[in-house]
Amino acid sequence: MPPHVVLGVSGGIAAYKACEVLRGLTETGHDVRVVPTAAALRFVGAATWAALSGQPVATEVWDDVAAVPHVRLGQQADLVLVVPATADLMARTVHGRADDLLAATLLTARCPVVLAPAMHTEMWEHPATRDNVAALRRRGVVVIEPAVGRLTGADSGPGRLPEPAQILEVARLVLARGAAGLAPDLAGRRVVVSAGGTREPLDPVRFLGNRSSGRQGYALAATAVARGADVVVVSANVALPDPAGARVVRVGTARELAAAVDAAATGADAVVMAAAVADFRPASIVSTKIKKDDAGGVPAPIVLERNPDVLAALVASRRPGQVLVGFAAETGDAAGDWLAHGRAKLARKGCDLLVVNEVGEGIGFEVGHNSGVVLGADGSETVVPEGSKAALADVVWDLVAARLPAG
Ligand code: CTP
């Protein structure tokens, strides 16, 4: 049986992008019923939805009453996905309204629900909408964080619908969890993930950096969104598409990352430090490009100074119940193997969990897969076999969820 998806469409200009989401769902074998609101039909007509889905389209509970669609659609769905979700639709959902077919479907659905909001920044930032989003997330609804960018008119800001490919990715992850009978166990939780690698400038064209691609951090963000969390990603020099549903704060250097993580960590239930943070930076940044003939062709030594240890600062200022996770890429040496170094680092860092992986040729960095051991401050050791970065991310969130105080 193909998965049954109800694609709700509420009345915003971004409704046209829902056509592409619909196309993506049907092309990947989903059985999709489109339920637009009456306002949505002012933007995209019923004929488009019916043709693209191959299914009849209704907006009101009074259409085709004999089939009791206002109850049946929600009951039979494996996923209800609303693209775009307007401020009005979310307000109606929070209050359990059932005044059209989409609202009634949201009230009867027992499957995972994903809302992709799109609206003007003022509406998104209004306290009424903030409260509604928070209430929906607490109830386990996955509310995708809107993108920041050009809105309907010339204005720009948060409130733009994320790209259809990103919405489809969230839907895929949420459907997979739903099919496995897994609840959105991070619903109502706020989490922060740092991702990528910092760059410490040397002169206007050069920096000291590292090989972190940000893939593991972005996989952590995407899986946390699918598990219902409100996610902030502090992203250091990552050249990947933004993980849908997360708020992305871009940084360059370790000190910028420290400030952004510190700000986002206030009030967060968990912080996962997946970023590779430079321990040292050049003591001075040369304002003009260093030339090879400078100082008579002899390169001047690069003097380094210490960067802040972000994880150590988080441990020092941790609020009660906050779960802190570090990552460590280790190699074995004369003093011990990679895992022994990991155990010593966990003790030194004082975090709750440390994900340790061995690095070397072809493992760890710049690849799509990962493996490792997650060490717990309580002495637990969870071996994660070679697999996708998303699989490792899920193990991390399982361990985090088990350590969070009851919400
Ligand atoms: N980390 C951090 N701030 C730093 C360096 C590292 O917050 N200045 C975090 C990383 O994000 C990671 C964890 O600490 O989650 C471990 O990073 P690692 O570089 O392995 O730790 P170090 O304490 O720098 O250990 P080492 O001496 O092995 O480099």
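The values are calculated or read from the model by the stated rules, or taken from the named source; none is laboratory data. Keep in mind that this is a model prediction, so the values were computed, not measured. So basically every Cβ, Gly included, is an ideal-geometry build from the backbone, and we count neighbours across all protein chains shown. Just the protein is used for accessible areas: all its heavy atoms, side chains included, with ligands, DNA and RNA removed. Shrake-Rupley method; radii C 1.70, N 1.55, O 1.52, S 1.80 Å.
A few notes on this one:
- Residue list for the stretch 101-112, filter: open to solvent by 20 Å² or more (accessible area, probe 1.4 Å) and not in a loop (DSSP other than H, G, I, E, B): Leu106, Leu107, Thr108
- Every condition in (1) touching a residue at least 40 places away in the same chain (Cβ under 8 Å); (2) in the same structural domain as Ala14 (by TED's automatic domain parsing); (3) more than 30 Å from His4 (Cβ to Cβ); (4) not hydroxyl-bearing (Ser, Thr, Tyr) holds for Asn237 except the one numbered (2).
- In the stretch 334-353, the residues that are over 16 Å from Val272 (Cβ atoms) and touching a helix residue (DSSP H, G or I) at 6+ places or on another chain (Cβ under 8 Å): Ala335, Gly336
- Annotation: Asp269 fulfils all but one of (1) closer than 14 Å to Val192 by Cβ; (2) within 16 Å of the ligand (Cβ to nearest atom); the unmet one is (2).
- Scan of the stretch 113-157 for residues that are closer than 22 Å to Gln75 by Cβ and assigned to a helix (DSSP H, G or I), ordered by number: Leu136
- When the residues of the stretch 258-299 are filtered to those that are farther than 17 Å from Ala316 by Cα and not in a loop (DSSP other than H, G, I, E, B), the one that is least open to solvent (accessible area, probe 1.4 Å) is Pro282.
- Residue check, Ala66 surrounded by fewer than 20 Cβ atoms within 10 Å (Cβ to Cβ), without any contact (Cβ under 8 Å) to a residue 12 or more places away in the chain and not charged (D, E, K, R): yes
- Arg255 open to solvent by 50 Å² or more (accessible area, probe 1.4 Å), outside the structural domain of Gly140 (by TED's automatic domain parsing) and either within 16 Å of the ligand (Cβ to nearest atom) or part of a helix (DSSP H, G or I) (or both): yes
- Verdict on Trp49 being among the aromatic types (Phe, Trp, Tyr) and outside any helix (DSSP H, G or I): no
- Hits in the stretch 180-218 (condition: charged (D, E, K, R) and either open to solvent by less than 20 Å² (accessible area, probe 1.4 Å) or part of a strand (DSSP E or B) (or both)): Arg190, Glu200, Asp203, Arg206
- Helices (runs of 4 or more DSSP H) wholly inside the stretch 300-407 that include at least 2 residues being more than 11 Å from the ligand (Cβ to nearest atom) and open to solvent by 30 Å² or more (accessible area, probe 1.4 Å): 338-349, 389-403
- Search result, residues across the stretch 1-11 that are open to solvent by 10 Å² or more (accessible area, probe 1.4 Å) and part of a loop (DSSP other than H, G, I, E, B): Met1, Pro2, Pro3, Gly11
- Among the residues of the stretch 131-149, none qualifies, meaning not one is more than 23 Å from the chain's Cα centre (by Cα) and either open to solvent by 20 Å² or more (accessible area, probe 1.4 Å) or at pLDDT below 95 (or both).
- Restricting attention to the stretch 225-251 and to residues that are hydrophobic (A, V, I, L, M, F, W, C) and within 16 Å of the ligand (Cβ to nearest atom), the residue that is surrounded by the fewest Cβ atoms within 10 Å (Cβ to Cβ) turns out to be Val249.
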